[in-house]
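To start, I am sharing the structure in question, which I have written as structure tokens.
The values are calculated or read from the model by the stated rules, or taken from the named source; none is laboratory data. Quick caveat, the model's predicted, so the values are computed rather than measured. Cβ placement follows ideal geometry from the backbone for every residue including glycine, while neighbour counts extend to all protein chains displayed.
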Amino acid sequence: MRCTPAPRLSRHTAVLAALLVACTTRGLHVDPPPRAAASSPGQRAGGPEPQQAGGQAPDAPPGAVLDEAEAEDDLLFEAEAERPRVHPLDGYDATRLREAVQNDLGSLGSISLGAPSAGALLNGVRAEDGPLFKLQNPSGAFATQETLDYLCAAIRRVQSEFPGTPALALGHISAKEGGPLSPHISHQAGRDVDISFYYRDSSPWYSRGTKQNLDLPRTWAFVRALVIETDVDMILIDHSIQTLLEAYALSAGENAEWVRSLFHGGAGGMRRIIRHAPGHATHLHIRFFNPVAQETGRRVAPILHELGLRKAPPSFIRYRARRGDTLGKIAKRFHTTVPALKSANGLRTSKIRENRSYRIPVGPKKGPAISPPLRFPPRRIPPEPAAQPARMSARDTP
Ligand SMILES: [Zn+2]
């Protein structure tokens, strides 16, 4: 994939421009065999997920990649939230929008529907191999245009700072139309990206990042570019690698308070952007906000349901498995099916574990026909944007 250079834009024009700055493709395809998502069960299992109700965060089911953040609500950015932004469909009245949904859905651009763990993707775009990244799972590499543009912008920034930067390995984004993508729970709405770290050697995809093999200058430059140049929601990275990255950023002269806010949160309820989740010592999991595609989704969802083009998104409750439970028994108890339970929990087999918490689909989500406009936090720019920190070159990394 080759991306057209993006001009520097203000926050508001950037939203509109996101539709225009296309990542042009070169049509090169390499179709490697699908890879296992983790090399051992221990890498994927475990870890809390944000809970709907109070109480202890449940464990993940075995075999599922719980690519959700630690117990921290995705939408907890009240302290930072800004006004709803301008949107390409602002000039559309109800009739025009309905007509477009019915007759020319493609004209509405990429649409991210619902939540990353219970959503869908319409008019998705497939990432293509190129100098920025190499696909590991082509059938699961569909994204919104915004997600691809953000990803390209951040990688391009790293490559311009560090000549000779190799392509990253790109894992799952979403399936063609989103929805469940085994073995993940999220990755459903075109906004979640699994991608490699930069390594100092030729470590293959899904190599565990260590002090010895990680290219910290480039990996930090990537994280920094995601924060500054895109509407990143969160980046999941294992604690052990966070420690290395944070220390590197500080040693490179980054503003300490800004760095702290990214890794630990800041004053006034500012949320962490970089978070730990088990299974993320082998890759980065990036979730982007999509101010355009999510807002389009919010506007068209009721029309899609009304026209019967799309079912209302599912909703889930949590159930902790007891001794003697099987997926079949749980399915019967909650009037659902074994395949539905496996899909909801990213399970590859029917094995379940006592005392683990599972998501149970309980029918379509109920709520108002149209929810209020979405709000997105402003980008978290370091206080002295003009001062370029003195970075060590990749060769100088200790
Ligand atoms: Zn992921």
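Could you tell me whether residue 235 is within 16 Å of the ligand (Cβ to nearest atom), without any contact (Cβ under 8 Å) to a residue 60 or more places away in the chain and on the phi < 0 side of the Ramachandran plot?
Yes; evaluated as a whole, the condition is true for this residue.
Follow-up question, since we're still on this one. Given (1) surrounded by fewer than 18 Cβ atoms within 10 Å (Cβ to Cβ); (2) more than 16 Å from the ligand (Cβ to nearest atom), identify the lone condition not met by residue 139.
Evaluating residue 139 over (1) surrounded by fewer than 18 Cβ atoms within 10 Å (Cβ to Cβ); (2) more than 16 Å from the ligand (Cβ to nearest atom) leaves (2) as the failure.
Given the structure, is residue 162 over 17 Å from residue 230 (Cβ atoms), of a type in the set (Phe, Trp, Tyr) and surrounded by fewer than 19 Cβ atoms within 10 Å (Cβ to Cβ)?
yes
Right, residue 336: surrounded by 13 or more Cβ atoms within 10 Å (Cβ to Cβ), part of a loop (DSSP other than H, G, I, E, B) and modelled with pLDDT of 70 or more or not?
yes
Among the residues in segment 160-170, are any among the hydrophobic types (A, V, I, L, M, F, W, C), within 15 Å of the ligand (Cβ to nearest atom) and modelled with pLDDT under 95?
The answer is no, given that none of the residues of segment 160-170 is among the hydrophobic types (A, V, I, L, M, F, W, C), within 15 Å of the ligand (Cβ to nearest atom) and modelled with pLDDT under 95.
Exactly one of (1) in a loop (DSSP other than H, G, I, E, B); (2) at pLDDT 95 or above; (3) within 16 Å of the ligand (Cβ to nearest atom) is unmet by residue 150. Its number?
(1)
Quick check on segment 173-196. Is at least one of its residues in a loop (DSSP other than H, G, I, E, B), hydroxyl-bearing (Ser, Thr, Tyr), modelled with pLDDT of 95 or more and more than 16 Å from the ligand (Cβ to nearest atom)?
The answer is no, given that none of the residues of segment 173-196 is in a loop (DSSP other than H, G, I, E, B), hydroxyl-bearing (Ser, Thr, Tyr), modelled with pLDDT of 95 or more and more than 16 Å from the ligand (Cβ to nearest atom).
Would it be correct to say that residue 271 is modelled with pLDDT of 90 or more, in the same structural domain as residue 116 (by TED's automatic domain parsing) and within 16 Å of the ligand (Cβ to nearest atom)?
Against the criterion (modelled with pLDDT of 90 or more, in the same structural domain as residue 116 (by TED's automatic domain parsing) and within 16 Å of the ligand (Cβ to nearest atom)), residue 271 does not qualify.
Answer yes or no as to whether residue 228 is assigned by TED's automatic domain parsing to the domain that holds residue 115, buried (at least 23 other Cβ atoms within 10 Å of the Cβ) and either farther than 21 Å from residue 138 by Cβ or touching a strand residue (DSSP E or B) at 6+ places or on another chain (Cβ under 8 Å) (or both).
no
From the residues in segment 274-301 that are part of a strand (DSSP E or B) and more than 12 Å from the ligand (Cβ to nearest atom), which one is surrounded by the most Cβ atoms within 10 Å (Cβ to Cβ)?
By that ranking, first place goes to 288.
Suppose the filter is part of a strand (DSSP E or B), in the same structural domain as residue 165 (by TED's automatic domain parsing), farther than 18 Å from residue 87 by Cα and out of contact with any Cys (no Cβ under 6 Å at 6 or more places or on another chain); does residue 113 pass it?
No.
OK, next. Quick check on my filter: what residues within segment 209-230 are under 16 Å from the mean Cα position of the chain (by Cα) and assigned to a loop (DSSP other than H, G, I, E, B)?
230
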